[in-house]
Structure formats: structure tokens, C-alpha cells
Amino acid sequence: MESIAISKVRPNSDNPRYIKDEKFKKLVQSLRDFPEMANARPIVVNQEMVALGGNMRLKAMQEAGWSEVPVQVVDWSEEKQREFIIKDNVGFGDWDWDELANTWETEELTEWGMDVWRPEEDVDYSILDEEDVDDQLKDMADGVKKAIQIEFEPDHYEEAYQLVKFWRDQDAYVGKMILDFLKAEKNKL
């Protein structure tokens, strides 16, 4: 790894991954708040100083006014470079939402750029009154990350945890099951 003038590093115009608008602003801010992070994850560049990994971080560093940038220069074939661009941006893992909810504060995660659950007051329960919920859910879910948060009383946590674990193990669509359950409970009222 070495540190070079940011003007010598070129963004990769062929990189299919991008971050825009509010998320890009959060990335810029994260680099301003925690610049040491860049040394732990340098921009990966080829021999021509074109970014292969960290293309958006490079743009965020430019936006933040950095004059130098840490880079890792690689000497790979064109095929390996193209493969790296994709593999470096693929998210192979999933978040353990229970661990996140129990270990970190929502505000902190949001500030760091993560999309997390919304407070209860932002939830519109009136959809449960509609007859054709499935079509509305499809419209609402268009472009939205598929996540749901349900709060349980502390004395029901273990049962709720086991229920969610069961649904995940079945590779089931948990949101639909929860909505069906809520509708059934509402009908009992």
C-alpha cells in the first residue's frame, strides 16, 4: 500500500456499482469523520491507476477534498480486473438484525449509512383495513429493502426469537406470514 496524489487516480467509468444522493453524502461524511478507515481499505488500482475497488470511495474522497489517497496497486490480467470489480462489490453476507438491534443504536447505524428499521410512529397500520393488501404491498415494496421490525414485550422475546428463527430456517417470506397473522388477530377483535 502507498499513498499518492488523488489526482493521479482515475475513477473507473466501467464500474457498474454506484452510490448516489443521500447515501453518497453519508459516505463522504463517514470519510470525514473516520479518515483512518481509508488506510484499512485502500483503493485498489491497476497499473494505469484506474480504480478497480473503492471507486465510490475515491469519488467521495474527491468530494471531501482529500489531496492524497491510499492505494494498493495490482498487476492483474484484464479478465482478473473485470472479475474483481464485480466480486469486490457483491454482498455475500446478510445482517443479523437481532444482533444489530441488541448491540447498536439505530441512530448510530443510520448515521454510519446503514438502512435500518423505522420507529413505530412511521408505520401505517391502516393497510390492514384494505381488502386487496397484496397488490398494495407489491406497490409499496417496489424499490424498498425487504425488512421488518416487530417489537415484543421482554417476557415474549424468546418465543418471538424462536418463531422468527423457524421462519428463516424454512426460507419463508416472513413479512407475508406476519401480515396474515395480524389480520387474523384483528378479525378476532
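FYI, it's all coordinate maths here, none of it is from the lab. Note that this is a predicted model, so its numbers are computed, not measured. Backbone-built Cβ (ideal geometry, glycine too); neighbour counts: all protein chains shown.
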Q) Given K59/K80; K25/K183; K25/K186; K26/K80; K20/K165; K87/K165, which pairs have Cα atoms separated by over 32 Å? A) K25/K183; K25/K186; K20/K165
Q | From phi via Karplus (6.51, -1.76, 1.60), per-residue ³J(HN,Hα) for the range 9-14 in Hz, x at Gly/Pro | A | 9, 10, x, 8, 5, 8
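Below 12 angstrom from the Cβ of V9, what's the summed charge of the other residues (Lys, Arg +1; Asp, Glu -1)?
On the way: positive: K8, R10, R57, K59; negative: E2, E48, E68.
Once all neighbours under 12 Å are counted, the net charge is +1.
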Q. Ranked from highest to lowest mean number of other Cβ atoms within 10 Å per residue, what is the order of the peptides 43-51, 97-105?
A. 43-51, 97-105
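Which of the chymotrypsin sites (Phe, Trp or Tyr not before Pro) found in the range 18-92 are in a DSSP loop and have at most 12 neighbouring Cβ atoms, other than their own, within 10 Å? Working shown, then result.
On the way: sites: Y18, F24, W66, W76, F84, F92; in loops: Y18, W66, W76, F92.
For chymotrypsin sites (Phe, Trp or Tyr not before Pro) across the range 18-92 that sit outside H, G, I, E and B with at most 12 neighbouring Cβ atoms in 10 Å, the list reads Y18, F92.
Roughly speaking, what is the stretch gain from A160 to L182, that is 0.36 nm per residue apart minus the C-alpha to C-alpha distance, in nm to one decimal? Mind dumping the intermediate values first?
Numbers: separation 22, 0.36 × 22 = 7.92 nm, distance 1.42 nm.
My answer for the length gained is 6.5 nm.
Report, in cubic angstrom per residue, the convex hull volume of the C-alpha atoms of the range 1-105. Let's see the in-between values first.
Working: hull volume 12.7 nm³, N = 105.
Convex hull of Cα atoms, per residue: 121 Å³.
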Q. Roughly speaking, what is the stretch gain from Q29 to A64, that is 0.36 nm per residue apart minus the C-alpha to C-alpha distance, in nm to one decimal?
A. 11.8 nm
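Which trypsin sites (Lys or Arg not before Pro) does the range 1-100 hold that lie in a coil by DSSP with at most 13 other beta carbons within 10 Å? Write out the running numbers ahead of the final one.
Values: sites: K8, R17, K20, K23, K25, K26, R32, R57, K59, K80, R82, K87; in loops: R17, K20.
Passing both the DSSP loop test and the Cβ count: R17, K20.
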